[in-house]
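**Student:** One structure coming up, written as structure tokens, with questions to follow.
The values are calculated or read from the model by the stated rules, or taken from the named source; none is laboratory data. From a predicted model like this one, the values you see are computed outputs, not experimental measurements. Quick reminder, even Gly has a Cβ in these numbers, built from the backbone with ideal geometry, and neighbours come from all protein chains shown.
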Amino acid sequence: MSTRRKKPRGAPQSSADRSSRTSAGPSASPVAGSAAQRAAAQSQPMMLVGALVVTAVFLFGYLHLLVLPQMTQLSGGFAMPDARVLGYGLEDVERLQHVMDADARGQLSFVHKTAGTLFPLAVLLASWAAVGLVMRRRARWLVLVGAAAFAVVDIVDNVLIDRLLAADAPSTAAVTTASTLTVTGWALLVVVGLCVLVSVLTRLFRRTVIEPTTQRGD
């Protein structure tokens, strides 16, 4: 009859026992695991904000740097009304009516209904995401209200411009209203765009430069 030798309780553990327990245990400490989870949780909202901001910037470049400048080929070299940052008058609208035929006006209307509508909506969505996930509470509502106002102003301005170019005799009041909306839309876009871009870049700088430096210092 064989007897099993019991290991004394106070006996030191062998290196094999320690290595087996180490391999069976968790590979990382709870602190490191929670830090990794926090980093992953923070990266997902930033990816959403970044995607929406990139979409808005792409639509801006497509609309105001590509499509509208190309429309000057159909207007005798004159810029479109919504591309005039400082506004326009009745003479500018009448000049465009004279040089643009029905096909050119229809093409501009199509641009307004597609990219001209998607762009302000993209700005609103990007601002909404940045307000909820990146910005501080003090500026949140101001930026969100400004983005919503820009979307409404820009879409309404596109509709008014199409009606002005299609009208037989546009009135001075209608032209003044459309011009005011154009200038207001550009001002709102500059303010809201700068707030969103500065907030996103500041958040990225903190995550990529300041936080890693602080963690290495700790």
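**Student:** Quick one: in the stretch 79-94, which of the residues that are surrounded by 16 or more Cβ atoms within 10 Å (Cβ to Cβ) and assigned to a loop (DSSP other than H, G, I, E, B) is farthest from the chain's Cα centre (by Cα)?
**Tutor:** Only one residue fits best here, namely Y88.
Results for (1) over 18 Å from L86 (Cα atoms); (2) buried (at least 16 other Cβ atoms within 10 Å of the Cβ); (3) in contact with a Lys or Arg (Cβ under 6 Å, 6 or more places away or on another chain), shown as yes or no for each residue.
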{"residue": "W141", "(1), (2), (3)": "yes, no, no"}
{"residue": "G146", "(1), (2), (3)": "yes, yes, no"}
{"residue": "V153", "(1), (2), (3)": "no, yes, no"}
{"residue": "D157", "(1), (2), (3)": "no, yes, no"}
{"residue": "I161", "(1), (2), (3)": "no, yes, no"}
{"residue": "P170", "(1), (2), (3)": "yes, yes, no"}
{"residue": "T176", "(1), (2), (3)": "no, no, no"}
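**Student:** Additional query: Go through (1) in a helix (DSSP H, G or I); (2) modelled with pLDDT of 95 or more; (3) of a type outside the set (F, W, Y) for T72 and report which single condition fails.
**Tutor:** Checking T72 against (1) in a helix (DSSP H, G or I); (2) modelled with pLDDT of 95 or more; (3) of a type outside the set (F, W, Y), the one that fails is (2).
**Student:** Among the residues of the stretch 68-78, is any crowded, with 17+ Cβ neighbours inside 10 Å, free of Cβ contacts under 8 Å to residues at least 24 places away in the same chain and either farther than 16 Å from L181 by Cβ or small (G, A, S) (or both)?
**Tutor:** Among the residues of the stretch 68-78, at least one is crowded, with 17+ Cβ neighbours inside 10 Å, free of Cβ contacts under 8 Å to residues at least 24 places away in the same chain and either farther than 16 Å from L181 by Cβ or small (G, A, S) (or both), which makes the answer yes.
**Student:** Under 9 Å by Cβ, and 6 or more places apart or on different chains, what pairs join a residue from the stretch 128-144 that is in contact (Cβ under 8 Å) with a residue 24 or more places away in the chain and in a helix (DSSP H, G or I) with one that is of a type in the set (S, T, N, Q) and crowded, with 16+ Cβ neighbours inside 10 Å?
**Tutor:** Pairs found: A130/S199; A139/S199; V143/S127; V143/S199.
**Student:** Does V198 satisfy the criteria of being assigned to a helix (DSSP H, G or I), under 12 Å from the mean Cα position of the chain (by Cα), more than 15 Å from F60 (Cα to Cα) and without any contact (Cβ under 8 Å) to a residue 12 or more places away in the chain?
**Tutor:** Spelling it out, V198 is indeed assigned to a helix (DSSP H, G or I), under 12 Å from the mean Cα position of the chain (by Cα), more than 15 Å from F60 (Cα to Cα) and without any contact (Cβ under 8 Å) to a residue 12 or more places away in the chain.
**Student:** Residue pairs, Cβ under 8 Å, 6 or more apart or interchain, first in the stretch 93-120 and closer than 21 Å to T177 by Cα, second acidic (D, E) and part of a helix (DSSP H, G or I). List them.
**Tutor:** R105/D162; L108/D162; S109/D162; H112/D82; H112/D162; G116/D82; G116/D154; P120/D154
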